[in-house]
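Trainee: Would you mind keeping the following structure in view while I ask a few things?
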Amino acid sequence: AQYWIAESFFIEKKYREAILEFEEVLRKYPKGNKAPSALLKQGLAFYMLGDKTSAMLLLEKVIRDHPGSNEAKVAKKELGKLN
């Protein structure tokens with residue numbers, strides 16, 4: 001449920017709130033099945049707020065921590081746009 005709260009903030013373009021809620025997902029469920037998505041969306045939210053550095057760090061973390069996942073593929077694509 002925590003992930004979907006964060007996702008709803010993201011969809012509503014409430015990126016600051018989304019970042020905080022995705023952080024809760026990662027804090028409470030670091031090994032959960034939504035962790036890769038939470039990291040990815042957190043990175044995208046930082047990018048939407050204009051924080052390219054934080055966005056890049058989180059996208060790189062998705063790739064490093066969850067290689068082979070669909071989220072890692074998306075993160076690679078997004079990193080390509082940022083560079």
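Trainee: Give me the accessible area per residue for the chain, probe 1.4 Å, as a whole number in Å².
Mentor: 62 Å²
Trainee: Of Ile11, Gly50, Asn83, which is farthest on the positive side of the dipole of the chain, counting Cα position, with +1 on Lys and Arg Cβ, -1 on Asp and Glu Cβ, and the Cα centre as origin?
Mentor: Asn83
Trainee: Before anything else, pin down the relative contact order of the chain: Cα pairs under 8 Å, at least 6 apart, normalised by residue count, whole percent.
Mentor: Relative contact order of the chain: 22 percent.
Trainee: Ok, one more. What number comes out for the charge environment of Ala72, summing +1 per Lys or Arg and -1 per Asp or Glu over other residues with Cβ under 15 Å away?
Mentor: +3
Trainee: Now for a different question. What figure in square angstrom, to the nearest 10, would you give for the accessible area of Leu57 with a 1.4 Å probe?
Mentor: Taking all protein chains as shown, Leu57 has close to 110 Å².
Trainee: Please report the carbon-and-sulfur percent of the accessible area for the chain; probe 1.4 Å, protein heavy atoms only, DNA, RNA and ligands left out.
Mentor: Result for the chain: 56 percent of the exposed heavy-atom area is carbon or sulfur.
Trainee: What length, rounded to one decimal in nm, is gained on full extension from Glu23 through to Leu79, with 0.36 nm per residue of separation minus their alpha-carbon distance?
Mentor: Extra length from Glu23 to Leu79 when fully extended: 18.1 nm.
Trainee: Nothing charged except the Cβ atoms of Lys and Arg (+1) and of Asp and Glu (-1): what's the magnitude of the dipole of the chain about its Cα centre? Round to the nearest 20 debye.
Mentor: Roughly 220 debye for the chain.
Trainee: While we're on this one: Which of the lysines could a cross-linker bridge to Lys77, judged by Cα under 19 Å and excluding same-chain residues fewer than eight apart?
Mentor: Within reach: Lys41, Lys52, Lys61.
The values are calculated or read from the model by the stated rules, or taken from the named source; none is laboratory data. What you are looking at is a predicted structure, and each value in this text was computed from that prediction instead of being measured. Glycine gets a Cβ as well: all are built from the backbone with ideal geometry, and neighbour counts include every protein chain shown. Just the protein is used for accessible areas: all its heavy atoms, side chains included, with ligands, DNA and RNA removed. Shrake-Rupley method; radii C 1.70, N 1.55, O 1.52, S 1.80 Å.
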